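Report on the structure given below.
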Amino acid sequence: MRRSTLAAMGAGLSLPGYRVESGGVSTMPPGRISHAKGPHTHPDPEIFLILSGTGKIHIDGEISDFAGGDVLIVEAGEDHHLEALSDVVTAWLHVEPA
């Protein structure tokens, strides 16, 4: 996983060689874990823009904190789940090779 912040992105977020395939906005109440049943991976990266709230991201069994303003880039093949500690709002983007 790669981590940055919206503020650090300056002119914008890009992953050379990829384009957005799909995306959306999700809300999670405290205590919710995304994709709680079994492994959850993708063949290409997924980007989470944490718009508000706090939580933990589980990547291949490792756990890290996140907060509003963070940008999380989950690499292809990484098993990932978000865990909300407060109300969390995320924009997520599935990308594919350009």
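Does Gly61 meet the test of being modelled with pLDDT under 95, under 19 Å from Thr5 (Cα atoms) and of a type in the set (Gly, Ala, Ser)?
Details: modelled with pLDDT under 95: yes; under 19 Å from Thr5 (Cα atoms): no; of a type in the set (Gly, Ala, Ser): yes.
In short, no.
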Mind checking which residues of region 42-61 are more than 14 Å from Val89 (Cα to Cα) and assigned to a loop (DSSP other than H, G, I, E, B)? His42, Pro43, Asp44, Pro45, Asp60, Gly61
Quick one: is Pro39 assigned to a loop (DSSP other than H, G, I, E, B) and either hydrophobic (A, V, I, L, M, F, W, C) or exposed (fewer than 13 other Cβ atoms within 10 Å of the Cβ) (or both)? yes
Could you tell me how many of the residues in region 62-91 are surrounded by 15 or more Cβ atoms within 10 Å (Cβ to Cβ) and out of contact with any Gly (no Cβ under 9 Å at 6 or more places or on another chain)? 9
Answer residue from region 13-36, given it is outside any strand (DSSP E or B) and polar (S, T, N, Q) and is surrounded by the most Cβ atoms within 10 Å (Cβ to Cβ) among those: Ser34
Flagged in region 1-37 as of a type outside the set (Gly, Ala, Ser) and at pLDDT below 80, in numbering order, are Thr5, Leu6, Met9, Leu13
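Answer yes or no as to whether Arg3 is part of a strand (DSSP E or B) and either under 12 Å from the mean Cα position of the chain (by Cα) or not charged (D, E, K, R) (or both). Please lay out each step first, then the result.
Working: part of a strand (DSSP E or B): yes; either under 12 Å from the mean Cα position of the chain (by Cα) or not charged (D, E, K, R) (or both): yes.
The answer is yes for Arg3.
The values are calculated or read from the model by the stated rules, or taken from the named source; none is laboratory data. Please read these numbers as outputs of a predicted model, since none were measured by experiment. Glycine gets a Cβ as well: all are built from the backbone with ideal geometry, and neighbour counts include every protein chain shown.
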